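Participant: Just passing along the structure, written as structure tokens.
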Ligand SMILES: NC(=O)c1ccc[n+]([C@@H]2O[C@H](COP(=O)([O-])OP(=O)(O)OC[C@H]3O[C@@H](n4cnc5c(N)ncnc54)[C@H](OP(=O)(O)O)[C@@H]3O)[C@@H](O)[C@H]2O)c1
């Protein structure tokens with residue numbers, strides 16, 4: 001390794017995953033935070049000139065993109081802003097990375113799949129998104145690949161944590177206020193703690209360092225799935241949250257059709273994580289284990 005520490009430019013550093021990445025990436029280099037919220041480099045990813053100026057100013061060794069337009073329902077009525085952030089900005093990161101010799105690690109989603117399945121989705125399975133959000137995220141994956149940059153895409157699903165907007169925090173609030181909550185029981189996925197995503201990302205990146213002090217994905221680049229092991233419906237996840245928090249609220253299973261939302265969600269969202277295990281020896285524990293650890297932290301903090 002050379003004497004200088006690599007610089008990692010982290011987009012979306014104030015988001016659920018980004019906030020955890022600030023901590024887990026710091027042993028790998030100097031993390032410069034970018035995006036909206038409390039960050040060192042405020043940047044609107046919908047503004048290509050601002051993004052380009054920032055990347056050229058920082059000249060990072062690696063870009064890590066945890067920023068996204070994640071308002072899945074709002075995206076149905078705001079497709080253009082979603083497209084600019086989830087697709088065009090990602091393509092631009094790729095082109096800038098190719099020009100500057102800077103690899104890109106990017107996050108995508110299970111929502112690229114239709115949900116019409118019954119075995120865990122593999123990376124090469126056909127993507128047929130049901131929503132604007134899913135379509136824009138898929139376009140982002142494709143623009144990144146087309147840019148020719150050395151890149152790695154981690155597709156996540158059902159992310160929760162102690163911060164930000166997520167299902168765990170919504171349930172915690174509703175279950176404290178109400179005697180009963182209705183939760184969708186016919187969508188199945190793998191609830192995944194943002195902390196463990198950030199830790200796994202750091203484990204992967206630690207294996208991609210070069211002798212010159214940079215990063216290279218090479219033949220291990222491309223798309224990889226990264227979720228907790230096991231599967232659950234939102235209803236089962238809600239019951240586990242209720243039990244873990246020791247609350248008495250009744251959880252009632254409902255059907256997706258009874259909970260209409262602007263964006264359609266995949267019914268079957270379980271991802272096959274085998275490629276990440278085979279190529280990097282990295283795999284997350286069962287979602288119940290992740291949830292138990294996260295709830296422990298939630299209790300300690302309150
Ligand atoms: N959450 C999930 O369940 C889930 C599931 C599958 C995949 N993913 C993917 O995982 C990644 C991380 O998701 P997350 O849950 O951590 O998301 P998040 O908590 O919503 O954070 C996203 C971050 O991106 C920032 N951002 C949004 N628009 C921006 C813009 N125009 N310019 C600059 N920054 C902008 C947000 O800032 P503001 O908060 O200020 O808007 C926020 O800090 C994303 O790629 C997402 O698509 C998430």
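Participant: Would you kindly calculate the translational diffusion coefficient of region 93-162, applying Stokes-Einstein with the Kirkwood radius from alpha carbon pairs, for 4 °C and a viscosity of 1.567 mPa s, and quote it in µm² s⁻¹ without decimals?
Facilitator: Details: Rh = 13.1 Å.
For the chosen part, D equals 99 µm²/s.
Participant: Only Cα pairs within less than 10 Å get springs; with that Gaussian network setup on the chain, which residue of 190, 89, 264 has the largest fluctuation?
Facilitator: Fluctuation is largest for 264.
Participant: Using Cα springs under 10 Å in a Gaussian network model of the chain, which residue among 136, 227, 24 shows the largest mean-square fluctuation?
Facilitator: Largest GNM mean-square fluctuation: 24.
Participant: How are the Cα pair distances of region 231-289 distributed, in percent, across 5 Å bins from 0?
Facilitator: Pairs per bin, as whole percents: 4, 13, 18, 18, 17, 15, 10, 6, 1.
Participant: Now for a separate question. For region 162-273, what D do you get in µm² per second when you plug the Kirkwood radius from alpha-carbon pairs into Stokes-Einstein at 10 °C and 1.306 mPa s? Before the final figure, lay out the partial values.
Facilitator: Working: Rh = 16.5 Å.
D, rounded to a whole number, is 96 µm²/s.
Participant: By how many nm would the segment from residue 167 to residue 203 lengthen if fully extended, with 0.36 nm per residue of separation less the alpha-carbon distance?
Facilitator: 10.3 nm
Participant: Let me ask you something else. Calculate, in whole percent, how much of the Cα-Cα pair population of region 1-103 lies beyond 25 Å.
Facilitator: The share of Cα pairs beyond 25 Å in region 1-103 comes to 18 percent.
Participant: Here's another thing I want to ask about it. Quick check: the angle from helix 132-146's long axis to the longest principal axis of the chain, C-alpha only, nearest 10 degrees?
Facilitator: 30
Participant: Using only Cα atoms and rounding to the nearest 10 degrees, what angle (0 to 90) does helix 167-177 make with the longest principal axis of the chain?
Facilitator: 30
Participant: Here's a follow-up. If one computes the Cα centroid of region 144-168 and of region 263-299, what distance in Å separates the two points?
Facilitator: 12
Participant: At q = 0.13 Å⁻¹, what is the base-10 log of I(q)/I(0) for region 142-196 according to the Debye formula with one equal point scatterer per Cα and no solvent? Please give it to two decimals.
Facilitator: -0.52
Participant: A further question on this structure: GNM, the chain, Cα, under 10 Å: largest mean-square fluctuation among 142, 220, 173?
Facilitator: Result for the chain, Cα springs under 10 Å: 173 fluctuates most.
Participant: Now a separate question. Over every pair of different alpha-carbon atoms in region 93-235, take the mean of 1/r and invert it; report that Kirkwood radius in Å.
Facilitator: It works out to 17.0 Å.
Participant: From zero up to wherever the largest Cα-Cα distance of the chain sits, split into 10 Å bins and tell me the percent of pairs in each.
Facilitator: Percent of Cα pairs in each bin: 6, 28, 36, 22, 7, 1.
Participant: What do you get when you divide the Cα radius of gyration of region 256-302 by 2.2 N^0.38 Å, with N the number of residues? Before the final figure, lay out the partial values.
Facilitator: Details: Rg = 16.3 Å, N = 47, 2.2 N^0.38 = 9.5 Å.
Cα Rg divided by the expected 2.2 N^0.38 Å: 1.72.
Participant: For residue 124 and residue 76, compute 0.36 nm times the residue count separating them, minus their Cα-Cα distance, and round to one decimal in nm. It would help to have the intermediate numbers written out before the result.
Facilitator: Details: separation 48, 0.36 × 48 = 17.28 nm, distance 2.62 nm.
14.7 nm is the gain from fully extending residue 124 to residue 76.
Participant: I've got another one for you. Could you give the length gained by full extension between residue 47 and residue 252, i.e. 0.36 nm per residue of separation minus their alpha carbon distance, to one decimal place?
Facilitator: 69.4 nm
Participant: May I ask for the distance between the Cα centers of region 171-221 and region 1-72, given as a whole number of Å?
Facilitator: Using only Cα atoms, the two centres lie 17 Å from each other.
Participant: A follow-up question, please. What do you get for the angle between helix 48-58 and the principal long axis of the chain? Use alpha-carbon atoms, 0 to 90 degrees, nearest ten.
Facilitator: Tilt of helix 48-58: around 60 degrees.
Participant: For the chain, what is the calculated [θ] at 222 nm in deg cm²/dmol (nearest 500), taking -39500 (n - 2.57) for each run of four or more DSSP H residues and dividing by its residue count? Walk me through the intermediate numbers first.
Facilitator: Working: 11 runs with 114 residues, N = 302.
So the calculated ellipticity at 222 nm is -11000 deg cm²/dmol.
Coordinate-derived values only; no laboratory data. Fair warning: this is a prediction, and the values are worked out from it, not measured in the lab.
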